1. All but one of (1) within 10 Å of the ligand (Cβ to nearest atom); (2) modelled with pLDDT of 95 or more hold for residue 71; which doesn't?
2. For the range 53-68, which residues satisfy the criterion of being more than 8 Å from the ligand (Cβ to nearest atom) and within 17 Å of residue 176 (Cβ to Cβ)?
3. Does the range 55-67 contain any residue that is within 25 Å of residue 156 (Cα to Cα), part of a helix (DSSP H, G or I) and touching a Phe, Trp or Tyr at 6+ places or on another chain (Cβ under 8 Å)?
4. Which residue out of 124, 89 is closer than 14 Å to residue 6 by Cα and charged (D, E, K, R)?
5. In the range 1-18, which residue that is assigned to a helix (DSSP H, G or I) and within 18 Å of residue 69 (Cα to Cα) is farthest from the ligand (Cβ to nearest atom)?
6. Inside the range 77-125, can you point out the residues that are more than 9 Å from the ligand (Cβ to nearest atom), hydrophobic (A, V, I, L, M, F, W, C), outside any helix (DSSP H, G or I) and surrounded by fewer than 20 Cβ atoms within 10 Å (Cβ to Cβ)?
7. Select from the range 129-139 the residues that are within 16 Å of the chain's Cα centre (by Cα) and not in a loop (DSSP other than H, G, I, E, B) and write down the one among them that is modelled with the lowest pLDDT.
Amino acid sequence: MSNIIFLGPPGAGKGTQAQLLSKELGIPQISTGEILRKAMREGTKTGLEAKRYVESGALVPDDVVIAIVRERLQEPDCANGYMLDGFPRTVYQAEELGKFAKIDVAIELQLADEIIVNRLSGRRVCPKCGATYHISLLKNGEVCENDGEKLIQRPDDSEATIRNRLRVYQEQTAPLISYYKERGLLKAVNCEDSVEQNFQKVLEAING
Ligand code: AP5
């Protein structure tokens, strides 16, 4: 089972779990959010187009992200499998994905809204390598463990934008839970425990 989708609300831990699984399975983590943020930092045409959607917590237009993923999956490192983190996010994206990729499993990470707000308002990210941390778990101050870079807070992690992202998730992305359930591909994992405990549950869901 090596073509994997991570589904779930903002802050459920998709990026955290996908990073761990990428190391465990040796397959790439493809985060559309990270690709869009990199394009924004570099000021590319896609980045300029995406900026106003990402910063308000709205979804970037389907055709933009579908083109990004279609192109990324053609890279040689995807030949033995990949993890999609944050894609698809609408039923239309899922239908289009089905035309150029065969998905083996969709892991739904579940987490209550009040825990989400706490996790996202405490999130810090490395602007250089994209690694994600939570302030409560940092041991050596707000610097990246990989490259020593000073960590930053994402602009869309303000409380008002988090609430908007949760609303957008319920309206536009949650229907994908039934979409993948009907196709026999859905596995749900409750993510209220520690990162390590959640990772064990993710591994069981994939291997089970
Ligand atoms: P994206 O980057 O995908 O954001 P998201 O889905 O909102 O998800 P997050 O990255 O916020 O959360 P996560 O589930 O990865 O949680 P994390 O592991 O970081 O998308 C951003 C934007 O890009 C979107 O709003 C949209 O505009 C656009 N976009 C992206 N894809 C798109 C698409 N397909 N279509 C259209 N638009 C798209 O964890 C959160 C925090 O909790 C971290 O601090 C982490 O350290 C901490 N944490 C994790 N697990 C635990 C734990 N067990 N205990 C304690 N803390 C924990």
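The values are calculated or read from the model by the stated rules, or taken from the named source; none is laboratory data. As the structure is a prediction and not an experimental result, all values here were calculated from the model. Glycine also receives a Cβ, built like all others from the backbone with ideal geometry; neighbour counts cover every protein chain displayed.
1. Against the list (1) within 10 Å of the ligand (Cβ to nearest atom); (2) modelled with pLDDT of 95 or more, residue 71 comes up short only on (1).
2. 66
3. So the first thing to find is which residues in the range 55-67 are within 25 Å of residue 156 (Cα to Cα), and the list is 55-67.
Remaining after also requiring part of a helix (DSSP H, G or I): 55-56, 62-67.
Those still in the list that are touching a Phe, Trp or Tyr at 6+ places or on another chain (Cβ under 8 Å) too: 62, 65.
Yes, the range 55-67 contains a residue that is within 25 Å of residue 156 (Cα to Cα), part of a helix (DSSP H, G or I) and touching a Phe, Trp or Tyr at 6+ places or on another chain (Cβ under 8 Å).
4. On the way: 124 fails: closer than 14 Å to residue 6 by Cα.
Only one candidate qualifies: 89.
5. Our first condition is that a residue be assigned to a helix (DSSP H, G or I); within the range 1-18, this holds for 14-18.
Imposing the further condition that a residue be within 18 Å of residue 69 (Cα to Cα) reduces the set to 14-15, 18.
Numbers: 14: 4, 15: 3, 18: 7 Å.
This residue is 18.
6. Within the range 77-125, 79, 101, 103, 105, 112 meet the criteria.
7. Taking the range 129-139 as the starting set, the residues that turn out to be within 16 Å of the chain's Cα centre (by Cα) are 129-134.
Imposing the further condition that a residue be not in a loop (DSSP other than H, G, I, E, B) reduces the set to 132-134.
Details: 132: 89, 133: 93, 134: 93.
Taking the candidates together, the pick is 132.
One line per residue, one yes/no per condition, for (1) within 15 Å of the chain's Cα centre (by Cα); (2) polar (S, T, N, Q); (3) assigned to a helix (DSSP H, G or I); (4) modelled with pLDDT under 90:
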residue: 127; (1), (2), (3), (4): no, no, no, yes
residue: 141; (1), (2), (3), (4): no, no, no, no
residue: 148; (1), (2), (3), (4): no, no, no, no
residue: 156; (1), (2), (3), (4): yes, no, yes, no
residue: 162; (1), (2), (3), (4): yes, no, yes, no
residue: 166; (1), (2), (3), (4): yes, no, yes, no
residue: 171; (1), (2), (3), (4): no, no, yes, no
